[in-house]
1. Provide the per residue accessible area, probe 1.4 Å, for segment 224-320, rounded to a whole number of square angstrom.
2. Please report, as a whole percent, how much of the solvent-accessible surface of the chain comes from carbon and sulfur atoms (probe radius 1.4 Å).
3. Per residue, how many Å² of accessible area does segment 322-384 show with a 1.4 Å probe?
4. Below 8 Å between Cα atoms, with a sequence gap of 6+, how large is the relative contact order for segment 139-220 in percent?
5. Averaging sequence separations of C-alpha pairs under 8 Å and six or more residues apart, then dividing by the length of the chain, give the relative contact order as a whole percent.
6. So how long is each side of segment 250-381 along the principal axes, counting just the alpha-carbon atoms, biggest first, in Å?
7. At q = 0.09, 0.13 Å⁻¹, work out log10 I(q)/I(0) for the chain with the Debye formula, treating every Cα as an identical point scatterer and leaving solvent out; two decimals please.
8. Hey, what number do you get for the chain at 222 nm if only DSSP H runs of n ≥ 4 count, each worth -39500 (n - 2.57), divided across all residues, to the nearest 500?
Amino acid sequence: MLFIINNARLLNEAGELVTGHIVVKDGIIQEVKFGESVSELTENTGAEVIDAAGKLVTPGFIDMHVHLREPGFEHKETIETGARSAAKGGFTTIACMPNTKPVTDNAEVVSFVCEKARQAGLVKVLPYAAITKGEQGQELTDFAALKEAGAIGYTDDGVGVQSAQMMKDAMALAASLDMPVIAHCEDNSLVVGAPVAEGSFAERHGLKGIPNESEAIHVGRDILLAEATGVHYHVCHVSTEQSIRLIRQAKEIGIRVTAEVCPHHLILSEEDIPGLDTNWKMNPPLRSRRDVEACIQALEDGTIDMIVTDHAPHSAEEKAKGMLQAPFGIVGFETAFPLLYTKFVKTGRWSLDFLVNRMTETPADIFRLNAGRLQAGAPADLTVVDLEKEQEVNPAQFASKSNNTPFSGWKLSGWPVMTVVQGRIIFREN
């Protein structure tokens, strides 16, 4: 199949928006041309032409930290509904966490996830596997078998690996297989029973708070272990100034560490929480405004490498259990780009090129994915965004099974309107 996306706004190598077109054949980008007419091509080949009508076309967005809940928690999300939600948000490649039921800690469950994603036929789904059996922190999984089955890295996301020896053994084994370790950094002894961050909100409502050091202690420990083992160590959902200082220092001395941040940790602080609304309960929790600014600056200077959503769907019944009992997490696919575009690009703090890069090329490079670029020979994974479109966040319209978001009613610009995976349109507005 041959088709052309015409009248597109494209980011050139200088990061400038220019008009152009993209030629796609059999799922592969054939050429990307700036400022050229496609009339001759269409006359000679009969190619289908999709008129982008001046909308932005980028490489498909990549999200290296998501929760699809299947197997075991299909009432929250399934691989199909999660993939559909991702597509609506402009994502073409997503990496799903293993804290399912059963935990993705063996080759059979990895294969199950891959097959379910294939059956859904939507976005590309890359499974992570657990570091320890059942994510219990007691016994390492079979790393080699998990890699063979299709896992792209190892993580006990949702809980921190509490034993330093267990984490060191995991890193050494992962390094021997040339695989990354992706860490949820949290010292359990500091967080039990705490639903929000230490700070003014916790004090006002008489709640135990999660301190910043609960995250940073594991970051510091793991950086030293990564230095000793030579593993690619990736820090999940960074949220504190202390963690950032440690990551920055580690990078300066050449330790192989990368890091990610979520939109909510770039936009919201604990001072924004309106009340005991569990749609504002997430892990890591919303921190201070000082931490938010530290995260923004760290992304800008390269200490933090990429943006992820940590898409974490939960049912309305679960979220109705109150601050102490409700699960942590918010959905993120469908609001990620509009939030960041509105908050940072429209206000002039970031260039559009900077934002797109942190959601495409950078994660692709770090995790060695054949994705993230608009160039001849690359898979035709594309996102079309209407930068002028402004609308309110309406959770009732989410493609996800869940609608747990703190951004309901926010008026945002820059909404994805079409998503293409390997030359196939998998989402189109209306």
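1. Details: 3240 Å² over 97 residues.
The answer is 33 Å² per residue.
2. Summing carbon and sulfur atoms, their accessible area is 46 percent of the total for the chain.
3. Values: 2210 Å² over 63 residues.
I get 35 Å² per residue for this part.
4. 27
5. Result for the chain is 19 percent.
6. Extents along the principal axes, in whole Å: 50, 33, 33.
7. -0.53, -1.14
8. Theoretical 222 nm ellipticity from helices: -8000 deg cm²/dmol.
The values are calculated or read from the model by the stated rules, or taken from the named source; none is laboratory data. Predicted, not measured: the structure shown is a model, and the values here were computed from it. We place every Cβ from the backbone using ideal geometry, glycine too, and count neighbours over all the protein chains shown. Side chains included, ligands, DNA and RNA excluded: accessible areas come from the protein's heavy atoms. Shrake-Rupley method; radii C 1.70, N 1.55, O 1.52, S 1.80 Å.
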